[in-house]
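Visitor: Sharing a structure below in C-alpha cells format, with a few things to ask.
The values are calculated or read from the model by the stated rules, or taken from the named source; none is laboratory data. The structure presented is a predicted model; accordingly, all values stated were derived computationally and were not measured. Glycine gets a Cβ as well: all are built from the backbone with ideal geometry, and neighbour counts include every protein chain shown. Just so you know, the surface numbers come from the protein's heavy atoms only, side chains and all, with ligands and any DNA or RNA stripped out. Shrake-Rupley method; radii C 1.70, N 1.55, O 1.52, S 1.80 Å.
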Amino acid sequence: MFISFEGTEGVGKTTLIQKLYEHFQQQGKQVVLTREPGGTPLAEQIRSLLLSVNHEEQMSHDTELLLMYAARAQHLAAVILPALAQGKIVLCDRFVDSSFAYQCAGRGLSREKLQLLNQNFVSKMPDITFWLDAPIELGMNRARARGALDRFEQEKVVFFESVRSGFSEIHLRDAQRMKRLDATQTPEQVFAEALRYLK
C-alpha cells in the first residue's frame with residue numbers, strides 16, 4: 001500500500017506519519033518511511049537546492065517544477081516502486097499533489113505542464129492520500145516555532161492560501177483517494193481519524 005501525506009506548512013504531517021509507522025510496525029508489517037522532495041541521496045541533494053534560501057539568483061518557477069520531478073523520478077525508481085514490489089507499505093511525506101498545490105495553484109504554472117510530467121514520469125499514484133488541513137496562520141505559527149524557515153516557508157500568507165485552495169480542489173475532484181483530516185484536532189484525534197479511513 002502506498003500512502004501519501006499532504007498539507008501546507010506546520011499541519012502535523014510528520015507526527016501523523018510517525019504514529020502510522022509505529023502502528024504498522026506493531027502489526028508486523030514492513031514499512032518504508034520516505035519524503036519528497038528527497039528520499040534518496042541524489043534526491044536529497046535536489047531537495048537542498050529547492051529549499052535553500054542562499055541562491056545568488058532567483059529560481060524560476062519552471063526550474064522549481066522540473067527539479068521537483070527530477071527528484072521524484074529518482075525517488076520512484078530507487079525507493080517507492082521497489083518497496084511496493086516487495087509488498088511493503090510506503091508512507092510518503094508529500095507526492096504529486098504537492099506539485100499541483102504549490103507549483104500550479106501557488107505559483108500559477110499551467111496544469112498542462114504538470115499533466116505532461118505526470119503522464120511521462122509518474123507510473124504509480126498513492127492508494128490513499130491524507131490531506132491535513134488547518135488555517136494557514138495556525139500552521140505558520142507552528143512552522144516558525146520549529147526554527148529557521150526554508151525557501152517555501154518564507155512565502156507570504158496569500159501564497160499558502162492559494163496552496164490550500166489547490167489541495168481543496170484535488171479533494172473535491174478525487175475524494176475517493178484524498179481524505180481530508182482536520183489538523184486543528186489533537187494528534188491523537190487526527191491519528192484516530194486516519195485509522196478509520198484505513199479500516
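Visitor: I'd like to know if region 121-129 contains one or more residues that are touching a residue at least 40 places away in the same chain (Cβ under 8 Å), crowded, with 22+ Cβ neighbours inside 10 Å and either in contact with a strand residue (DSSP E or B) (Cβ under 7 Å, 6 or more places away or on another chain) or closer than 25 Å to L16 by Cβ (or both).
Guide: Yes, region 121-129 has at least one match.
Visitor: Here's another thing I want to ask about it. Out of curiosity, is E9 more than 17 Å from the chain's Cα centre (by Cα), within 26 Å of S162 (Cα to Cα) and either of a type outside the set (G, A, S) or crowded, with 20+ Cβ neighbours inside 10 Å (or both)?
Guide: So E9 does not fit the description; no.
Visitor: In region 31-39, is there at least one residue being assigned to a helix (DSSP H, G or I) and either open to solvent by less than 10 Å² (accessible area, probe 1.4 Å) or not basic (K, R) (or both)?
Guide: Within region 31-39 (the criterion being assigned to a helix (DSSP H, G or I) and either open to solvent by less than 10 Å² (accessible area, probe 1.4 Å) or not basic (K, R) (or both)), the answer is no, since none of the residues qualifies.
Visitor: Right, something else. Of the conditions (1) over 14 Å from the mean Cα position of the chain (by Cα); (2) within 28 Å of L138 (Cα to Cα), R94 clears all except one; give me its number.
Guide: (1)
Visitor: Could you tell me which numbered condition E22 fails, if it satisfies all but one of (1) charged (D, E, K, R); (2) farther than 23 Å from F159 by Cβ; (3) in contact with an Asp or Glu (Cβ under 7 Å, 6 or more places away or on another chain)?
Guide: (3)
Visitor: Find the residue count for region 77-90, including only residues that are crowded, with 22+ Cβ neighbours inside 10 Å and touching a helix residue (DSSP H, G or I) at 6+ places or on another chain (Cβ under 8 Å).
Guide: Qualifying residue count for the region: 1.
Visitor: Taking interchain pairs and intrachain pairs at least six residues apart, which have beta carbon atoms under 8 angstrom, with the first residue in region 97-119 and farther than 18 Å from L50 by Cα and the second in a loop (DSSP other than H, G, I, E, B) and open to solvent by 50 Å² or more (accessible area, probe 1.4 Å)?
Guide: Short answer, once both residue conditions are applied: none.
Visitor: Inside region 43-69, can you point out the residues that are closer than 25 Å to T129 by Cα and either of a type in the set (D, E) or touching a helix residue (DSSP H, G or I) at 6+ places or on another chain (Cβ under 6 Å) (or both)?
Guide: Answer for region 43-69, where residues must be closer than 25 Å to T129 by Cα and either of a type in the set (D, E) or touching a helix residue (DSSP H, G or I) at 6+ places or on another chain (Cβ under 6 Å) (or both): A43, E44, I46, L50, E64, L65, L67, M68, Y69.
Visitor: Exactly one condition in (1) touching a residue at least 60 places away in the same chain (Cβ under 8 Å); (2) touching a helix residue (DSSP H, G or I) at 6+ places or on another chain (Cβ under 7 Å); (3) open to solvent by less than 20 Å² (accessible area, probe 1.4 Å); (4) not in a loop (DSSP other than H, G, I, E, B) is false for F24; which is it?
Guide: Condition (2) is where F24 drops out.
Visitor: Same structure, new question: Taking region 62-76, which residues are open to solvent by 30 Å² or more (accessible area, probe 1.4 Å) and under 18 Å from the mean Cα position of the chain (by Cα)?
Guide: Hits for region 62-76 are L66, L67, A70, A73, Q74.
Visitor: Wholly within region 55-125, which helices (runs of 4 or more DSSP H) include no fewer than the required count, namely at least 2 residues that are in contact with an Asp or Glu (Cβ under 9 Å, 6 or more places away or on another chain)?
Guide: Answer list for region 55-125: 61-75.
Visitor: Restricted to region 153-192, and to residues that are of a type in the set (F, W, Y) and modelled with pLDDT under 95, which residue is least open to solvent (accessible area, probe 1.4 Å)?
Guide: Checked region 153-192; the qualifying residue least open to solvent (accessible area, probe 1.4 Å) is F160.
Visitor: Take the conditions assigned to a helix (DSSP H, G or I), open to solvent by 50 Å² or more (accessible area, probe 1.4 Å) and modelled with pLDDT under 95 and apply them to L49. Does it pass?
Guide: Yes; evaluated as a whole, the condition is true for this residue.
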